Amino acid sequence: MLLFYFSAFALLALFIAAGVVVGGRGGKKDYSLGGRKAGAAGVTGILLGALVGGASTVGTVQMAYGYGMTAWWFTLGGGIGCLMLGLRFASPLRASEITTVADYLEKSYGDRGKAIALAATVSSSLGTFISVCAQFLSCIALIRGVVPIPAWLAALVAALSIWGFIASGGIKSFAALGEAKIIILCVVLVTCAAAAAFRNGAAPFVDLSFQPWFNVFGRGFFPEVGCLASMIVGVFTTQIYLQSIAAAKDIRSARAGAFTSALLMPQMGLLGCWIGLTMRASGVDVSPDRALSWFIANNFPPLVGGLIWGGILITVIGCAAGLILGVATNISKNFIPATVKRKYEGGGRVEQLLVAAMISIAAFCAIGGAGSMILEWSFVSMGLRGSGTFLPLIVAILRPGALPPSWALASSAGGLAAMLLWAALRLPSDPLFAGLALSSLCVGAGLFHAKNKRK
């Protein structure tokens with residue numbers, strides 16, 4: 001396994017070093033938005049770099065191995081969200097010249113804007129942080145799948161790698177390396193899928209029944225639709241995803257990046273499902289979270305396997321880096337006083353300190369949850385981000401000024417509260433439905449009230 005370890009960690013070190021070099025070019029103003037110079041490829045790199053990570057790779061193979069094609073909902077829903085973003089929403093978001101979701105809401109809703117922005121920041125930051133924990137779970141599973149070390153040591157390795165990836169470069173290095181990361185991931189997934197097909201022959205799934213393995217609604221219609229809804233609202237309300245649009249050099253680049261992401265993401269998920277299902281069909285008995293690592297280590301020569309495994313690890317690390325940077329930007333812009341940011345080099349140092357704190361906390365959380373279903377963490381994360389923010393944001397973009405600020409605040413706070421309460425009481429069905437239902441009622445009532453008032 002020495003060749004495996006050498007090639008894997010050499011690739012990881014090369015990637016981190018490249019990030020430091022790229023990130024060192026330019027001033028501190030580039031840390032959050034890269035100077036708004038990202039082309040279509042850069043937008044795709046940021047967007048997919050944050051969307052396609054542990055859940056889309058380790059988590060998808062894990063769930064496909066355990067439950068079948070229901071694992072496709074994460075990448076399929078993410079692709080649909082990116083398509084919607086490009087079709088109607090990328091243009092007004094980029095034209096607004098605003099950095100954060102909270103800024104957009106505050107500008108749109110006047111005297112209640114600050115309160116709405118606060119609710120959006122809290123839900124988005126909390127939900128995104130849960131997704132960061134999912135990336136750490138993926139890192140731990142990958143590392144422990146090939147190296148016999150305890151979970152705490154695997155988490156430490158992951159934390160140091162994530163810090164090295166973004167600490168010096170921010171969004172600038174993330175955009176440049178995100179492009180390379182997506183290319184590496186496509187090559188890796190295609191190679192793994194081809195190896196799985198070669199291993200199992202022309203009819204790899206002959207022993208698997210349609211239910212549950214090939215039914216995308218295998219766990220029930222409403223649970224799976226809940227997963228789809230979680231992904232769509234999550235894409236629209238996650239800071240780093242919208243930050244990719246804000247970082248574009250123009251509207252055309254923003255839309256093209258969103259469309260490219262919509263095309264690529266579902267296909268990556270299908271490749272992950274193929275790998276998990278072929279392992280299930282072949283009768284391999286392994287811990288589901290380590291299924292991908294087992295597959296790579298047992299189907300390729302050590303040198304090649306190490307490069308493939310290292311490429312997956314880079315994907316997960318890059319995703320965690322993007323999510324953490326998005327949360328840091330949100331907190332820095334909306335919670336840290338301007339006087340503090342001016343004192344610490346215009347806010348760049350503040351964001352770096354926030355990044356270090358979040359990496360440490362997420363690592364501790366992941367140690368306790370090691371071995372759990374990664375996609376479940378990710379779906380909860382996405383739903384939490386958008387339960388109260390999604391509808392007020394959509395109305396602000398599509399119909400500026402149509403929703404009274406007081407009703408927008410009720411929709412935002414009510415949606416988040418309903419989802420949290422539903423989950424706390426362990427009521428049936430997806431808590432996201434409760435949050436979106438109450439949020440939509442408030443939006444509908446607000447629009448109706450405003451229409452009658454104008455009459």
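The values are calculated or read from the model by the stated rules, or taken from the named source; none is laboratory data. Computed from a predicted structure; not experimentally measured. Here the Cβ is made from the backbone with ideal geometry for all residues, glycine too, and neighbour counts use every protein chain on show. The protein model used for the area step is the full one, side chains on, heavy atoms only, and it has no ligands, DNA or RNA in it. Shrake-Rupley method; radii C 1.70, N 1.55, O 1.52, S 1.80 Å.
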Leading residue at positive end of dipole, the chain (Cβ point charges), from Leu137, Gly311, Ala18: Ala18
Stretch gain in nm, segment Phe222-Ala445, where the contour uses 0.36 nm per residue and the Cα spacing is subtracted: 77.7 nm
The chain - accessible surface per residue (Å², probe 1.4 Å): 38
Inter-centroid distance (Cα atoms) of region 413-454 relative to region 54-71, Å: 31
Simple spin-label estimate for Ala180 and Ser209 in nanometres, 7 Å along Cα-Cβ: 4.9
q = 0.07 Å⁻¹, the chain: log10 I(q)/I(0) [Debye, one scatterer per Cα]: -0.33
Folded to 0 to 90 degrees: helix 251-281 orientation relative to the chain principal axis, Cα: 40
Length released on extending from Trp152 to Asn452, taking residue separation times 0.36 nm less the Cα-Cα span: 102.1 nm
Helix 221-237 vs. the chain, principal-axis angle (Cα, 0 to 90°, nearest 10): 60
Residue-averaged 222 nm ellipticity for the chain, from DSSP H runs of 4+ at -39500 (n - 2.57), nearest 500: -25500 deg cm²/dmol
Listed residues Arg252, Arg94 arranged by accessible area, highest first, probe 1.4 Å: Arg252, Arg94
Full-extension gain in nm, Leu427 to Ala402, via 0.36 nm per residue minus C-alpha separation: 5.6 nm
Lys, Arg +1 and Asp, Glu -1 on Cβ, resulting dipole of the chain about Cα centre, debye, nearest 20: 1480
Span per principal axis, largest first, for the Cα atoms of region 268-408 (Å): 57, 39, 27
Where labels lie 7 Å past Cα in the beta-carbon direction, separation of Ser96 and Leu14 in nm: 4.1
Between helix 170-200 and the chain: long-axis angle, C-alpha atoms, 0 to 90°, nearest 10: 40
Distance between region 92-149 and region 244-280 - C-alpha centres, whole angstrom: 19
Which of Ile361, Ala158, Trp274, positive extreme of dipole for the chain (C-beta unit charges): Ile361
Cα lying deepest toward the dipole's positive end in region 310-450, options Val443, Ser411, Val350, charges on Cβ: Val350
Rounded FRET efficiency, nearest 0.05, which uses the C-beta distance separating Ile361 from Val284 and R0 of 35 Å: 0.50
